[in-house]
Amino acid sequence: MGCLFVMYAAVFPRLGLIAIWVLRPGLVDAAFDTWIWPLLGLVFVPFATLLYVVLYHIGGLTWWEWFWVGVLAVFDIGQWGMTLRYRRKQAA
């Protein structure tokens, strides 16, 4: 069951984060002090937010875990750039 969730969350990170937030709200509440940060993460950097919640639950974040959260944040921002580039190319 865990492997299915990982595959599902890798393709649809927003839906995976929503599933964790609805089914196990204690995980998200423990990782964040308020509801606004996970909501902003859900909208803007879903991969990084999902990984942050999972790693926080596993045992906290050291520099190595922060590195991977940063890599996924760059990946999320890169997706914005690719979407913008695709839209500009289609408009031309």
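The values are calculated or read from the model by the stated rules, or taken from the named source; none is laboratory data. Keep in mind it's a predicted model, so treat the numbers as computed, not measured. Counting neighbours? That spans all protein chains shown, and the Cβs are built from the backbone with ideal geometry, glycine included. Areas reflect the complete protein model, heavy atoms only, side chains present, ligands, DNA and RNA absent. Shrake-Rupley method; radii C 1.70, N 1.55, O 1.52, S 1.80 Å.
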Practice problem: Once you've got the GNM for the chain with C-alpha springs shorter than 10 Å, pick whichever of Pro13, Pro25, Pro38 has the biggest mean-square fluctuation. | Solution: Pro25
Quiz item: Once the Cα atoms of the stretch 1-57 are picked out, what are the Rg and Dmax in Å?
Solution: 10.3, 29
Exercise. Using a 1.4 Å probe over the heavy atoms of the protein chains, calculate the carbon and sulfur portion of the accessible area of the chain as a whole percent.
Key: 73 percent
Quiz prompt | Mean residue ellipticity (222 nm) of the chain, computed from DSSP H runs ≥ 4 via -39,500 (n - 2.57), nearest 500 | solution = -27500 deg cm²/dmol
Quiz item: Relative contact order for the chain: what is it in percent, counting Cα pairs under 8 Å that are at least 6 residues apart?
Solution: 23 percent
Exercise. Could you check the simple spin-label distance between Ala30 and Cys3, using points 7 Å along Cα→Cβ, in nm with one decimal?
Key: 2.6 nm
Practice problem: Compare Ile36, Ile20, Ile58 by solvent-accessible area with a 1.4 Å probe and give them largest first, with all protein chains kept in place. | Solution: Ile58, Ile36, Ile20
Quiz prompt | Solvent-accessible area per residue, Å², over the chain with all protein chains present [probe radius 1.4 Å] | solution = 74 Å²
